[in-house]
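First comes the structure, then the notes that go with it.
The values are calculated or read from the model by the stated rules, or taken from the named source; none is laboratory data. Small disclaimer: the values here were computed from a predicted structure and weren't measured. Here the Cβ positions follow ideal geometry from the backbone for every residue, glycine too, while neighbour counts run over all protein chains shown.
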Amino acid sequence: MILYKLYNLWQFYKAKKLIIPWLKNYREVCNGQNRFLVSVELLQDRFREFDTVTIEQVFDELITQGIVVRDPYDGEWCIR
């Protein structure tokens, strides 16, 4: 059981290490006029090596850090 939890924690940090720079790269392209929609499904499609639970944990971390925010017009998660 402990090994399973350590493996999940390792996967979380590995996914976070890959996903955050990928999103920050897109953030540089976005200005006040455009946005890049981000969802769990998009991250699952792009980073297939991680399971759903890991992607959801990283998505929650992205929201907590303020990297992904809600669009005030339509409520979609995005980076600006």
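What to note about this one:
- For the criterion of being in contact (Cβ under 8 Å) with a residue 24 or more places away in the chain and either of a type outside the set (F, W, Y) or surrounded by 12 or more Cβ atoms within 10 Å (Cβ to Cβ) (or both), I19 passes.
- Residues satisfying the stated conditions in the range 34-46, i.e. over 10 Å from the mean Cα position of the chain (by Cα) and more than 18 Å from R70 (Cβ to Cβ): D45, R46
- Put simply, of V53, V69, V38, V58 the only residue that is under 17 Å from L18 (Cα atoms), surrounded by 13 or more Cβ atoms within 10 Å (Cβ to Cβ) and at pLDDT below 95 is V38.
- Test: residue in the range 42-56 that is in contact with a strand residue (DSSP E or B) (Cβ under 6 Å, 6 or more places away or on another chain) and among the hydrophobic types (A, V, I, L, M, F, W, C): no
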